[in-house]
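Visitor: Please read through the structure below; I'll follow up with questions.
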Amino acid sequence: MDASLEPLLARIAEALERLAPPVAGKADFAGAKLFRHDPATGDFHPAPDYPLGLDSLVGVDRQKTRFVENLERFARGLPFNHVLLWGVRGTGKSSISKAAFMAVAEARADLKLVEVDRDQVTALPALFDVLRARSERFVVLCDDLSFEEGAAAAKALKSALEGGVSGPPANVLFVATSNRRHLMPRGHQEDRGLIASAEDAEEEVSVSDRFGLWIGFPPMDQPTYLAAVRAYAAQFGLADPDLDRRALQWAQLRGARSGRVAWQFIRDLAGEQGKPLPL
């Protein structure tokens, strides 16, 4: 070979290596329980353990019980269902997913959670193929899922959950949270025509049928909201003689009562009293 071509060939080889897709299944899952997936690189980035315990979530006992039952079956290799947590914002859908996972994962070293961004749902089929080849069991969590751009993302999610000719991965439990029971998009494209828009809507609504377990989160009433505030205050050693009154005023200013609003009030109270919190 002409020696003058060697530098050129070396540069071509380096360029091809940079363009090559990441090698699937080479992630190190031994060092953490929680991970974020980057579909652009194929990397799984470890994340800190979720600090809130399952007992800290008040007013959603039925939802916690049902979710944990399904998760424990999955962890033990028994039949399970993919889960859609839907309902009012701030009621603990994402918190239950992570807190329940941490509780079950204490006794299961092979149980991992991988969080995916809602804007990268189209990468789920490829991700599921990577996880299928692993020996671990994975909870794949997509928070605040809805479909913004027609039916492409909906089709990708259906493909991932159905698994094509090979079937869905037996070692993957998909969990989605959403403010909408049928995952409808925040805004529809008005210029696609009535027929096309109706077809997109049908595609998007049909995705919810792939979730075998739906868990609803209704609005939080005042007694439940105050119970959540008191539970947080007791857990973190926060005392205030006007706790209930101040908590209700906080909720009134926010125009809502929810677990998230209760936690935000507790954060404000902890800052006022100079006490640290885990989040």
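Where a number appears in this text, it was derived from the coordinates with a stated rule and is not lab data. Only a predicted model underlies this, so the values are computations on that prediction, with no experimental measurement involved. Note that we place each Cβ from the backbone using ideal geometry, even for glycine, and neighbour counts take in every protein chain shown.
Visitor: What are the principal axis extents of the Cα atoms in the stretch 233-279, in Å, biggest first?
Guide: 27, 24, 16
Visitor: Non-local amide H neighbours of Gly87 (under 5 Å, H modeled in plane, Pro and chain starts lacking H): which ones?
Guide: Under 5 Å from the amide H of Gly87: Ser178, Asn179, Arg180, Phe217.
Visitor: Spelling out what I want: for every residue of the stretch 124-133, take phi, set θ = phi - 60°, compute 6.51 cos²θ - 1.76 cosθ + 1.60 (Karplus), and round to whole Hz; glycine and proline get x.
Guide: For the stretch 124-133, the Karplus-derived couplings read 4, x, 5, 5, 4, 5, 5, 5, 4, 7 Hz, x marking Gly and Pro.
Visitor: Also, I was wondering about something else. Whole-Hz ³J(HN,Hα) for each residue in the stretch 55-66, computed from phi via Karplus 6.51 cos²θ - 1.76 cosθ + 1.60 with θ = phi - 60°, x for glycine and proline: what do you get?
Guide: 5, 6, 8, 9, x, 10, 4, 4, 5, 4, 4, 5
Visitor: 5 Å is the cut-off here: which amide hydrogens, built 1.01 Å from N in the peptide plane, fall below it relative to Val140, excluding neighbours closer than 5 in sequence?
Guide: The list, which skips near neighbours in sequence, is Val114, Leu173, Phe174, Val175.
Visitor: More than 21 Å apart: what percent of Cα pairs in the stretch 76-156 qualify?
Guide: For the stretch 76-156, the fraction of Cα-Cα distances above 21 Å is 37 percent.
Visitor: Right, next: Would you work out the Kirkwood radius for the stretch 211-253? I mean one over the mean of 1/r across all pairs of different Cα atoms, in Å.
Guide: 12.0 Å
Visitor: What number in nm² do you get for the stretch 50-103 if you take the convex hull of its Cα atoms and divide its surface by four?
Guide: Answer in nm², one decimal: 3.7.
Visitor: Please give the length that would be gained between Asp49 and Gln222 if that part of the chain were fully extended, namely 0.36 nm times their separation in residues minus their C-alpha to C-alpha distance (nm, one decimal).
Guide: 59.2 nm
Visitor: Give me the net charge for the shell around Ala123: Cβ to Cβ below 12 angstrom, other residues only, Lys and Arg +1, Asp and Glu -1.
Guide: Its environment carries a net charge of -3.
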